[in-house]
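First the structure, in the form of structure tokens, and then the observations on it.
The values are calculated or read from the model by the stated rules, or taken from the named source; none is laboratory data. Everything numeric in this text was worked out from a predicted model, so none of it was measured. We place every Cβ from the backbone using ideal geometry, glycine too, and count neighbours over all the protein chains shown. The area values use the complete protein model at the heavy-atom level, side chains included, leaving out ligands, DNA and RNA. Shrake-Rupley method; radii C 1.70, N 1.55, O 1.52, S 1.80 Å.
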Amino acid sequence: EQTDPQDKPETPDTPDTPDEPDTPDTSEPSGQDQYHTDPVPQGKPQPVEPEETKPDTSQQATCTISISCATILDNMDACDPDKREQVPQDGVILAPVEVGFQTGENVFDVLQRVCRERKIPMEFSWTPIYNSAYIEGIYNLYEFDVGDGSGWMYKVDDWFPNYGCSRYQVQQGDVICWVYTCDLGQDVGGGAAVGE
């Protein structure tokens, strides 16, 4: 990395924990956009604002989506006792499945539709400061159910975007994986993009 560490705070989509050394410093601007997004790595898709895009009903494409909470299997001792029976034995809530989408839709649109069609409970809240939906829970498994650093994250084509799922415009052939982290992303390979 050639940037000064203070120029790369993590996206604070989950509440800060006092022990976390990489909590964002919001007192100084650091090249972030108006929604507090750090600069996107070169070659990765830029965020697209949901209100600026309209799905094109004439254009159909396909992507693959999956939902996994396998990390909980290694952290059952930390899992809320009332939630343990929710966790599938293999940690798979939705095995990878190819689904259709309309050009212009975002990752959140696809997740919402897939969960609705397959009757997978999903709850979210809208976070205006990040101009995106925040996924609170999927399959009745919520942030903090497995400790302070736990919650849902997404990756597309093995990259954890540093912006919300409502701002990631899906492209033909994308592979979208929703994963439950028990350690602020460290256990799923997404430690640099904490949150969504």
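Quick one: is residue 41 in contact with a helix residue (DSSP H, G or I) (Cβ under 6 Å, 6 or more places away or on another chain) and either surrounded by fewer than 18 Cβ atoms within 10 Å (Cβ to Cβ) or over 19 Å from residue 185 (Cα atoms) (or both)? Explain how you work it out, then say what you get.
Numbers: in contact with a helix residue (DSSP H, G or I) (Cβ under 6 Å, 6 or more places away or on another chain): no; either surrounded by fewer than 18 Cβ atoms within 10 Å (Cβ to Cβ) or over 19 Å from residue 185 (Cα atoms) (or both): yes.
Here the answer is no, as residue 41 does not meet what is asked.
Six or more apart or on different chains, Cβ atoms under 9 Å: show the pairs whose first residue is in the range 32-56 and farther than 16 Å from residue 155 by Cβ and whose second is hydroxyl-bearing (Ser, Thr, Tyr) and surrounded by fewer than 15 Cβ atoms within 10 Å (Cβ to Cβ).
Hits for this filter: 36/26; 39/3.
Of all residues in the range 112-153, how many are in a helix (DSSP H, G or I) and either closer than 18 Å to residue 57 by Cα or free of Cβ contacts under 8 Å to residues at least 60 places away in the same chain (or both)? Show your work before the answer.
Step one: of the range 112-153, the residues in a helix (DSSP H, G or I) are 112-117, 128-130.
This time we only want the ones that are either closer than 18 Å to residue 57 by Cα or free of Cβ contacts under 8 Å to residues at least 60 places away in the same chain (or both), so: 112-117, 128.
Number satisfying all stated conditions: 7.
Given (1) at pLDDT below 95; (2) under 22 Å from residue 191 (Cβ atoms), identify the lone condition not met by residue 48.
Unmet for residue 48, out of (1) at pLDDT below 95; (2) under 22 Å from residue 191 (Cβ atoms): (2).
Could you check the range 118-134 and list, in sequence order, the residues that are at pLDDT below 95 and among the hydrophobic types (A, V, I, L, M, F, W, C)? Write out each step before concluding.
Keep residues of the range 118-134 that are at pLDDT below 95, which gives 127-131.
Listed by number, the list holds a single entry, 129.
Report whether or not residue 113 is at pLDDT 95 or above and open to solvent by less than 90 Å² (accessible area, probe 1.4 Å).
Working: at pLDDT 95 or above: yes; open to solvent by less than 90 Å² (accessible area, probe 1.4 Å): yes.
Spelling it out, residue 113 is indeed at pLDDT 95 or above and open to solvent by less than 90 Å² (accessible area, probe 1.4 Å).
For the condition closer than 27 Å to residue 86 by Cα, open to solvent by 10 Å² or more (accessible area, probe 1.4 Å) and touching a helix residue (DSSP H, G or I) at 6+ places or on another chain (Cβ under 6 Å), what is the one hit in 145, 158?
Details: 158 fails: touching a helix residue (DSSP H, G or I) at 6+ places or on another chain (Cβ under 6 Å).
Matching residue, one of 145, 158: 145.
Within the range 99-111, how many residues turn out to be farther than 10 Å from residue 63 by Cβ and among the charged types (D, E, K, R)? Talk me through it step by step, then tell me what you get.
Going residue by residue through the range 99-111, those that are farther than 10 Å from residue 63 by Cβ are 102-104, 106, 108-109, 111.
Cutting the leftovers down to among the charged types (D, E, K, R) gives us 109.
Residues meeting the conditions: 1.
Return the pairs, sorted by first residue and then second, in which the second residue is basic (Lys, Arg) and modelled with pLDDT under 95, the first residue lies in the range 73-94 and is in a helix (DSSP H, G or I) and surrounded by fewer than 16 Cβ atoms within 10 Å (Cβ to Cβ), the beta carbons are less than 9 Å apart, and the residues are 6+ apart or on different chains.
Matching pairs, first to second residue: none at all.
Is it the case that residue 100 is open to solvent by less than 50 Å² (accessible area, probe 1.4 Å) and touching a Leu at 6+ places or on another chain (Cβ under 7 Å)?
Values: open to solvent by less than 50 Å² (accessible area, probe 1.4 Å): yes; touching a Leu at 6+ places or on another chain (Cβ under 7 Å): no.
No.
Could you list all residues from the range 44-63 that are in a strand (DSSP E or B) and surrounded by 15 or more Cβ atoms within 10 Å (Cβ to Cβ)?
Our first condition is that a residue be in a strand (DSSP E or B); within the range 44-63, this holds for 56-63.
Once the filter is applied, which keeps residues that are in a strand (DSSP E or B) and surrounded by 15 or more Cβ atoms within 10 Å (Cβ to Cβ), the range 44-63 yields 61, 63.
Can you tell me which condition residue 34 does not meet? The list is (1) in contact with an Asp or Glu (Cβ under 9 Å, 6 or more places away or on another chain); (2) open to solvent by 60 Å² or more (accessible area, probe 1.4 Å), and all the others hold.
(1)
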